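The values are calculated or read from the model by the stated rules, or taken from the named source; none is laboratory data. A quick note: this is a predicted structure, and the numbers were derived from the prediction, not measured. Here Cβ is always computed from backbone atoms with ideal geometry, including for glycine, and neighbour counts include all displayed protein chains.
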Amino acid sequence: MSDVTDVVSNEDKAQQLKTVGWVSYALHLIVAVGAIVPGGQMGAVLLIIALVVDFVKREEAQGTWQASHFSWRIRSTLWAGGLYLVTFPLFILLYVPGWIAWTLISIWFLYRIVKGMVAMNASRAVSS
C-alpha cells in the first residue's frame, strides 16, 4: 500500500513541477530562437534565470520523471555555454567561422530544448 502512495505522490509532484518546467523551457526556447534569428538576441539573462530556477527546483523532482528534464536543461545550457566560450575566439580572429560555429551550437541547443518540450508534453522522461 505504501508503494502505491509513493507512486501517486511522485506523479503528483511531477505534475506540479510541470509549470516550472514549461517556464524554464520557454525561457530556453526564447534564447535558442533568438540566437538563430539575426538580430534576435535576447541576452544571456533569460538563460541564467532559467538555469538558476532549474538548479533550485531540481531537488524537488528527484524520484519523478521530471528529474530527467531538470538534468537535461542544465546539461544543455552548460554544454552550449561552454561551446560558445570555446568558439568565441573565432569571432575575434575569423568572423565567418565563428558565426558558423555559433549557428551550429544554437541549432543543437534549439533541438535539445524542443526534444525536451515534446517529452514533457507527453509526461515522460527525456532520454539522452
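Remarks
Results for (1) free of Cβ contacts under 8 Å to residues at least 40 places away in the same chain; (2) in a helix (DSSP H, G or I); (3) over 26 Å from Asp12 (Cβ atoms); (4) out of contact with any helix residue (DSSP H, G or I) (no Cβ under 7 Å at 6 or more places or on another chain), shown as yes or no for each residue.
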position	(1), (2), (3), (4)
Ala50	yes, yes, no, no
Arg58	yes, yes, no, no
Ser76	no, yes, yes, no
Phe88	yes, yes, yes, yes
Phe91	yes, yes, yes, no
Ala101	yes, yes, yes, no
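- Checked against the criterion of being of a type outside the set (D, E, K, R), assigned to a loop (DSSP other than H, G, I, E, B) and either modelled with pLDDT of 75 or more or over 16 Å from Thr77 (Cβ atoms) (or both), the candidates Gly40, Gly34, Gly21 yield just one match: Gly40.
- Of Ala44, Ala80, all but one fail to be without any contact (Cβ under 8 Å) to a residue 40 or more places away in the chain, touching a Phe, Trp or Tyr at 6+ places or on another chain (Cβ under 8 Å) and of a type outside the set (S, T, N, Q); the exception is Ala80.
- Residue list for segment 105-128, filter: aliphatic (A, V, I, L, M), in contact with a helix residue (DSSP H, G or I) (Cβ under 9 Å, 6 or more places away or on another chain) and surrounded by fewer than 14 Cβ atoms within 10 Å (Cβ to Cβ): Ile107
- Residue count for segment 43-82 satisfying the condition of being farther than 22 Å from Leu110 by Cβ, crowded, with 16+ Cβ neighbours inside 10 Å and β-branched (Val, Ile, Thr): 1.
- Pairs with Cβ under 6 Å, 6+ apart, first in segment 1-28 and under 29 Å from Leu47 (Cβ atoms), second surrounded by 12 or more Cβ atoms within 10 Å (Cβ to Cβ) and modelled with pLDDT under 85: Leu27/Leu46
- Considered as a group, the residues in segment 60-74 that are part of a helix (DSSP H, G or I) and among the aromatic types (Phe, Trp, Tyr) include one that is nearest to Gln16 (Cα to Cα), and that residue is Phe70.
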